[in-house]
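Peer 1: If you scroll down you'll find the structure; I have some questions about it.
The values are calculated or read from the model by the stated rules, or taken from the named source; none is laboratory data. Just so it is clear, the structure is predicted and the values come from calculations on it, not from any experiment. Cβ: placed from backbone, ideal geometry, glycine included. Neighbour counts: every protein chain shown.
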């Protein structure tokens, strides 16, 4: 089997919304599961030390665009909503992305 990647995103303190104190624990548990399943675990992005932003996520994922990856699991913990067919993830600060997400991204980020 080819390369499999896990990438976690956790937002516990979204601006103007109820806090989700279990976000970091959930990311850690899923990253541990992914590691046991043979996934390469990319550093999970959480808002423990800095805001989670679309540009920060893009910077972490950008190096993967040049690699051959057979499967990627992107796991998001936080507030969001479904605007069929899109999922909208609420990041740390309410803003529009400062980067254009790659076409391969299945989810819109705000």
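Peer 1: Would the range 5-16 turn up any residue that is touching a residue at least 40 places away in the same chain (Cβ under 8 Å), part of a loop (DSSP other than H, G, I, E, B), on the phi > 0 side of the Ramachandran plot and surrounded by fewer than 15 Cβ atoms within 10 Å (Cβ to Cβ)? Before you say what the answer is, go through the steps one by one.
Peer 2: Of the residues in the range 5-16, the ones touching a residue at least 40 places away in the same chain (Cβ under 8 Å) are 5-16.
Restricting the remaining residues to those that are part of a loop (DSSP other than H, G, I, E, B) gives 11-16.
If we keep only those that are on the phi > 0 side of the Ramachandran plot as well, we get 16.
If we keep only those that are surrounded by fewer than 15 Cβ atoms within 10 Å (Cβ to Cβ) too, we end up with 16.
Taking every residue of the range 5-16 in turn, at least one turns out to be touching a residue at least 40 places away in the same chain (Cβ under 8 Å), part of a loop (DSSP other than H, G, I, E, B), on the phi > 0 side of the Ramachandran plot and surrounded by fewer than 15 Cβ atoms within 10 Å (Cβ to Cβ).
Peer 1: Further question: Is it true that residue 99 is out of contact with any strand residue (DSSP E or B) (no Cβ under 8 Å at 6 or more places or on another chain), modelled with pLDDT under 80 and part of a loop (DSSP other than H, G, I, E, B)? Break it down stepwise before answering.
Peer 2: On the way: out of contact with any strand residue (DSSP E or B) (no Cβ under 8 Å at 6 or more places or on another chain): yes; modelled with pLDDT under 80: yes; part of a loop (DSSP other than H, G, I, E, B): yes.
Yes.
Peer 1: A further question on this structure: Any residue in the range 31-59 that is in contact (Cβ under 8 Å) with a residue 12 or more places away in the chain and on the phi > 0 side of the Ramachandran plot sitting within a Cβ distance under 8 Å of a residue that is surrounded by fewer than 19 Cβ atoms within 10 Å (Cβ to Cβ) and assigned to a loop (DSSP other than H, G, I, E, B)? List the pairs, counting only those 6 or more apart or interchain.
Peer 2: 38/1
Peer 1: Looking at 66, 35, 28, which is the one that is farther than 21 Å from residue 93 by Cβ, surrounded by fewer than 17 Cβ atoms within 10 Å (Cβ to Cβ) and touching a strand residue (DSSP E or B) at 6+ places or on another chain (Cβ under 7 Å)? Give the steps one after another, and end with the answer.
Peer 2: Details: 66 fails: touching a strand residue (DSSP E or B) at 6+ places or on another chain (Cβ under 7 Å); 28 fails: touching a strand residue (DSSP E or B) at 6+ places or on another chain (Cβ under 7 Å).
Matching residue, one of 66, 35, 28: 35.
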